[in-house]
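Okay, so here's the structure we're looking at.
Coordinate-derived values only; no laboratory data. It should be emphasised that the depicted structure is a prediction, and the values quoted were computed from it without experimental measurement. All Cβ positions, even for glycine, are placed from backbone atoms using ideal geometry, and neighbour counts span all protein chains on display.
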Amino acid sequence: MFWLAITIVAFVMFSYLVLRGENLSYLDQPVPQHSYRAPSDAMRSVLASLSEFGEGSHGRGRQRIHAIRGFMDKMGAEGTYESEFLSLSTPDLRGEWVLGPNHDSGRRILYLHGGAFIAGSPLSHRAITDRLARLTGASVFALDYRLMPEHKRIEGIEDCRRAYRWILENGPDGRSAAETLVVAGDSAGGNLTLSLLAWVRDQGLRQADAGIALSPATDAVLDAPSLRDNIATDPMLGPAFGALAKVPNIFVLWYTWATSRMLPTDPRISPLRGSLADLPPVLVQASDTEMLLDDARRYVAKAQAAESPVVLQTWPDMVHVWQMFTPELEEAEEAFANIAEFLDSVVPTSVEQAA
């Protein structure tokens, strides 16, 4: 019994002192009250597509992962786009250039797709990359980074770093220096975006002119209040991850460590846990009813306290990464209009509004 007690105590202490790290609840603030605004009519079709996604992603393990990947790519393949998509594949880099009708090869956006680090691709996120390309006139490179579980989490991170170094010196027409560079991503890609910006700062590389994070995951410790409070109001993440969010955090910490092979507090997978000083201007957008709301709010609060020019915009009653449902969803178009305004304020003359 003595050794059992010692083992339990050691397990708990390691879990909370090493795996959990600093308690960041001091960053939490009351969620601001929005004046009620009913979602646009197009939200019904969005919710219907999410219901179809839930029905088609049954199964376990690899079977479920392949179903999720197939559904996401199907959504991207069925869209109608104005941009040109040019595939790129080298031994070190895979992805596609997304070029609007009036693209400028010197203005570039590196886009990192979402998908919980296990799914998603440049194809699945063409609705966003096409809209960004037309909105900004920039040449958008959507990176096809390595996914779990076939690859380690760190390998996807390394792909992002390699892509950043590459896009600084390469455009869609060949080798040339970037005039302006924005890094953007959603959900898991938002996590990679914020992690990448901090890494670029620490490496002393030419910093991005701006960052955009849509509904980003910022903390692998997974203890933010909205992860539990918003399960019922998040029609995308709630059905997929609601059960995990109800598991005692001590076991979630070990699960995260086992699957990512990195400590949950490691800033490479938890950008919230690293230094947020000296960052470029960053725009974070999130829904006030999604599970990752407090990931976004905590990140912005800490970054602003470190005097980095990071701002948060929230929308009422939107699904996770609602920007994917453009142009059908009115609120998605509003979000992109705000992105255009933000970029125009930090990267002058970079924004060319789409007709």
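Just add up the charged neighbours of Asp294: K/R +1, D/E -1, any other residue whose Cβ is under 13 Å from the Cβ of Asp294. Each step should come with its number before you reach the end.
Details: positive: Arg228, Arg297, Arg298, Lys302; negative: Asp28, Asp219, Asp223, Asp229, Asp234, Asp288, Glu290, Asp295.
Net charge around Asp294: -4.
Tell me, what HN-Hα J-couplings in whole Hz come from the Karplus equation 6.51 cos²θ - 1.76 cosθ + 1.60 at θ = phi - 60° for each residue of the range 270-287, using x for Gly and Pro?
10, x, 4, 7, x, 6, 10, 7, 6, 8, x, x, 10, 9, 10, 10, 8, 8
Over the range 198-336, what is the relative contact order in whole percent, taking alpha-carbon pairs under 8 Å and six or more residues apart? Kindly include the intermediate steps, with their values, before the conclusion.
Details: 230 pairs, mean separation 41.7, N = 139.
Rounded, it is 30 percent for the range 198-336.
Can you sort Asp344, Asp104 by how many other beta carbons sit within 10 Å, fewest first?
The most exposed by this proxy come first: Asp344, Asp104.
With viscosity set to 0.692 mPa s at 37 °C, what whole-number translational diffusion coefficient in µm²/s follows for the range 172-242 from Stokes-Einstein and a Kirkwood radius over Cα pairs? Each step should come with its number before you reach the end.
Working: Rh = 14.3 Å.
Translational diffusion coefficient: 230 µm²/s.
Under a 5 Å amide H to amide H cut-off, with H placed in plane at 1.01 Å, what residues pair with Val310 once short-range neighbours are removed?
Residues meeting the criterion, in which the H sits 1.01 Å from N, are Val282.
Let a ≥ b ≥ c be the square roots of the eigenvalues of the Cα gyration tensor of the range 264-350; is it rounded (a/c under 1.5), or, if not, prolate (a/b larger than b/c) or oblate?
Oblate is the answer for the range 264-350, as a/c is 1.5 or above yet b/c matches or exceeds a/b.
Among rounded, prolate and oblate, which fits the range 42-346 when a ≥ b ≥ c are the square roots of the eigenvalues of its C-alpha gyration tensor, a/c under 1.5 means rounded, and a/b larger than b/c means prolate?
rounded
Per residue of the range 192-202, what does 6.51 cos²θ - 1.76 cosθ + 1.60 with θ = phi - 60° give for ³J(HN,Hα)? Whole Hz please, x for Gly and Pro, Karplus curve as stated.
5, 4, 5, 5, 5, 4, 5, 5, 4, 4, 5
Restricting to bridges with both residues inside the range 42-346, how much of the DSSP beta-bridge set is antiparallel, in percent to the nearest 5? Numbers along the way, then the final one.
Working: 13 of 40 bridges.
Here the antiparallel bridges make up roughly 30 percent for the range 42-346.
If the only charges are +1 at each Lys and Arg Cβ and -1 at each Asp and Glu Cβ, what is the size of the charge dipole of the chain around the Cα centre, to the nearest 20 debye? Provide the component values of the computation, followed by the final result.
Details: 31 positive and 44 negative charges, 279 e Å.
Using only the charged Cβ atoms, the result is roughly 1340 debye.
Check cross-link reach from Lys302 to the lysines: straight Cα distance under 28 Å, and skip same-chain residues fewer than eight apart.
Here the lysines satisfying the reach criterion relative to Lys302 are Lys246.
Compare Gly185, Gly79, Gly156 in a GNM of the chain, Cα atoms joined below 10 Å, and give the one with the largest fluctuation.
Of Gly185, Gly79, Gly156, the most mobile in the Gaussian network model is Gly79.
Build a GNM of the chain with springs between Cα atoms under 10 Å: which of Ile128, Ile269, Ile250 gets the top mean-square fluctuation?
Evaluated over the chain, the most mobile residue of the options is Ile250.
Using the basic label-point model (7 angstrom from Cα toward the beta carbon), what is the Asp229 to Arg64 distance in nanometres?
2.7 nm
Would you grab the residues whose amide H sits under 5 Å from the one on His113? Only those 5+ places off in sequence or on another chain, please, with H modelled 1.01 Å from N.
Result for His113 returns Leu143.
Ordered by residue, what ³J(HN,Hα) values in Hz, to whole numbers, does the range 203-209 give under the Karplus form 6.51 cos²θ - 1.76 cosθ + 1.60, where θ = phi - 60° and Gly and Pro are x?
7, x, 6, 4, 6, 5, 6
How would you classify the range 197-355 from its alpha-carbon gyration tensor, with a ≥ b ≥ c the square roots of the eigenvalues: rounded for a/c under 1.5, else prolate if a/b is greater than b/c, otherwise oblate?
Numbers: a/c = 2.32, a/b = 1.21, b/c = 1.91.
Cα axes put the range 197-355 in the oblate bin.
Can you tell me, using C-alpha contacts under 8 Å and at least 6 residues apart, the relative contact order of the chain as a whole percent?
On the way: 679 pairs, mean separation 63.5, N = 355.
Once divided by the residue count of the chain, the mean separation gives 18 percent.
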